[in-house]
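Below is one structure, written out as structure tokens, with a few remarks after it.
The values are calculated or read from the model by the stated rules, or taken from the named source; none is laboratory data. Everything numeric here is computed off the predicted structure, so don't read it as measured data. Quick reminder, even Gly has a Cβ in these numbers, built from the backbone with ideal geometry, and neighbours come from all protein chains shown. Areas reflect the complete protein model, heavy atoms only, side chains present, ligands, DNA and RNA absent. Shrake-Rupley method; radii C 1.70, N 1.55, O 1.52, S 1.80 Å.
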Amino acid sequence: MKKVKKAIIPAAGLGTRFLPATKTVPKELFPLVDRPLLLYVIEEAIAAGIEDIVIVAGRGKTAIEDFFDRSYELEDTLAKSGKTDLLEKISKIKNMANIISIRQKEALGLGHAVLCGAPVIGDEPFAVLLGDEIMLGRPSVTEELCQAYDKTGFSTVAIMEVPESDVSKYGIVKVSPNGSTFKIHNVAEKPSVKEAASRWALPGRYVFESQLFSYLKNTKPGKNGEIQLTDGMNGLAAEGRLYGTTFQAKRFDAGDKFGFLQANIEIGLQHPETSARLKTYLQELTRGWK
Ligand code: UTP
């Protein structure tokens, strides 16, 4: 059985929840303290043994490609001014993994974005990591999913329980327990609480067999005129080849204002240059709050 060595990071969404900031700046490059969201996602993939990473971006997101390119002038300036530690940080980025850039010409949905990566993936298993979801902690979620795939050979996706009030924001799965994992029978795209089969949601980390592509190719645009990843997943579920697993890492929806702030505070509290001062600041700020 082939190991999971490739990943797709869909990053072509319009980011409307972050307008006006996302009019010209891709949310995937928003900083968590001093490093863009996307770098955390890529590091998670690399920690799972991924070697080739396809970033699917859209129009107006060329800054993402530039981020992984050389920056001659900056590197030259840093070298000449002896700022070797900064130079090393910058230089490391372009050598992190084999980054392949693909353009999704129209934001036709997450399923369509994933399908854009098909020519690079071929018939190999692959991971999908949403570019605006941050998972902190080890083992990384993608590492856990790859391990599950190695054991079973079935597509395995991360699932988490959400409160009723959040059910309509996620893909929701109908599951039955299967040892330490769950068998997924069906996936619904952002259902109402009434329609939802459970409170088990998809937070944006997946490992798929390449058969997913054949289902996505035959998927007609569904909710909001988009080709949904969940529709393709239903093809795998119908074959009995889709499983879910919980995970240990702490997860933040950084494509959402509140999740982004949470992730920044969390990382700020861990960062050696900001940790102590941020802690004191938060203590002062919250003193007397009810
Ligand atoms: P979201 O549902 O978060 O959409 O997409 P969005 O456009 O990024 O953000 P909002 O809701 O308008 O604020 C989930 C993931 O799917 C990608 C996004 O980049 C994000 O990682 N996506 C979505 C695409 O790559 N292409 C699409 O056509 C749609």
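A few points about this structure:
- Debye-formula intensities of the chain, expressed as log10 I(q)/I(0) at q = 0.13, 0.16 Å⁻¹, are -0.92, -1.36 (one equal scatterer per alpha-carbon, no solvent).
- Under 5 Å from the amide H of Arg205 lie the amide H atoms of Ala158, each residue being 5 or more positions distant or on a separate chain, with H modelled from the backbone and absent for Pro and chain starts.
- In order through the range 266-271: 3J(HN,Hα) via Karplus (6.51 cos²θ - 1.76 cosθ + 1.60), integer Hz, x for Gly, Pro: 4, 6, x, 6, 9, 6
- Distance-filtered residues of the range 207-226 - backbone nitrogen under 17 Å, label point 7 angstrom along Thr152 Cα→Cβ: 207-212
- For the pair Glu88 and Arg287, a Förster radius of 45 Å applied to the C-beta separation gives a FRET efficiency near 0.65, rounded to the nearest 0.05.
- Between Thr77 and Leu269, the distance separating the two model label sites (each 7 Å from Cα on the Cα→Cβ line) works out to 3.5 nm.
- For the chain, the solvent-accessible area of protein heavy atoms averages 51 Å² per residue (probe radius 1.4 Å; ligands and nucleic acids excluded).
- Placed amide H near Gly58: partners under 5 Å, 5+ positions off or other chain: Gln104
- Take the Cα of Met160, step 7 Å toward its Cβ, do the same at Lys220, and the gap between the two points is 3.5 nm.
- Across the range 53-61, coupling constants 3J(HN,Hα) worked out from phi with the 6.51/-1.76/1.60 Karplus curve, θ = phi - 60°, read 10, 9, 9, 9, 10, x, 4, x, 10 Hz, and Gly and Pro carry x.
- For the pair Thr280 and Leu19, label points projected 7 Å from Cα toward Cβ lie 4.2 nm apart.
- Of all accessible heavy-atom area on the chain, the percent that carbon and sulfur account for (1.4 Å): 52 percent
- Dipole in debye (nearest 20) - the range 212-290, about Cα centre, beta carbon charges: Lys, Arg +1; Asp, Glu -1: 180 debye
- When only the Cβ of Lys, Arg, Asp and Glu is charged (+1, +1, -1, -1), the dipole of the range 153-197 relative to its Cα centre reaches about 120 debye.
- Computed about its Cα centre, the charge dipole of the chain is approximately 500 debye, with only Lys, Arg, Asp and Glu carrying charge at their Cβ.
- For Thr246, residues with placed amide H under 5 Å, excluding near neighbours: Ile159
- For the chain, with +1 on Lys and Arg beta carbons and -1 on Asp and Glu, the positive-most of Leu32, Val54, Pro272 along the dipole: Leu32
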